[in-house]
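Asker: Below you'll find the structure I mean.
Read the figures in this text as sums done on the coordinates, not as results from a lab. Just so we're clear, the structure is a prediction, and the values are computed from it rather than from any experiment. Positions of Cβ are backbone-derived with ideal geometry, glycine not excepted, and every protein chain shown enters the neighbour counts.
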């Protein structure tokens, strides 16, 4: 029986270890830099594209996202249909233009895949939020020079199998891809990013249009987005 070269095996082991620990250090450094970047922001504005795929359905929506400390966010959808998803730090609202009813639920009862983004302007710590944080070389970045990280969100394990974050050289998040346990995928892409720009507080106050009733949902809910014709819940 041929015996392998022990020196070669030792060198290979050391080389593998160096690569592994080098990648781990790079991931930690990148995560820490992203945390530092977003923890120093007060406002954030970007154009977004949301691509949903699953159960034979493919849907693309787009609009503008605003974030503002503390914990406020506004998703203003324009295409293909106008609708609003808003968090005022205490409650979440969802309204589709033209409907006679808007939905409201306490943030503490909301388990919507969009809601964790409000933490980008909080005390972000990716290594604490995402288990098994590592480099994801299998996802091609949408922008040259970006790095993609992957991890499993600790607070959403029952719904999300993994999250991919595309991070730029300046530590901005350009893309968030969410793989759900039911094999559906939601891909958020951000462009025209503006940081620390003036954002009025009034953007995060929901005022129902005349004749529109606000339905208050106090139960724990995965999403306050209603099912639309030919689509799944967001």
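Asker: Quick one: compute the contact order of the range 6-216, relative version, from alpha carbon pairs under 8 angstrom and 6+ residues apart, as a percent.
Answerer: Value for the range 6-216: 23 percent.
Asker: For q = 0.10, 0.12, 0.17 Å⁻¹, what log10 I(q)/I(0) does the range 6-216 give under the Debye formula with an equal point scatterer on each alpha carbon and no solvent?
Answerer: -0.49, -0.68, -1.29
Asker: Let me ask something else about it. By how many nm would the segment from residue 53 to residue 161 lengthen if fully extended, with 0.36 nm per residue of separation less the alpha-carbon distance?
Answerer: 37.4 nm
Asker: So if each residue of separation counts as 0.36 nm, and I subtract the Cα-Cα distance between residue 213 and residue 154, what length gain in nm does that give?
Answerer: Result: 17.7 nm gained on full extension.
Asker: How high is the FRET efficiency between residue 144 and residue 79 when r is their beta carbon distance and R₀ equals 22 Å, given to the nearest 0.05?
Answerer: Working from the Cβ atoms, E equals 0.25.
Asker: In addition: Using r as the Cβ-Cβ distance of residue 180 and residue 42, and R0 as 35 Å, what FRET efficiency do you calculate, to the nearest 0.05?
Answerer: The computed FRET efficiency comes out at 0.65.
Asker: Now, a different point. What FRET efficiency do you get for residue 134 and residue 100 if R0 is 30 Å and r is their Cβ-Cβ distance, rounded to the nearest 0.05?
Answerer: The pair residue 134/residue 100 has a calculated efficiency of 0.05.
Asker: Another one. Alpha carbon centre of the range 148-218 versus the range 91-117: separation in Å?
Answerer: Each part reduced to its Cα centre gives a spacing of 13 Å.
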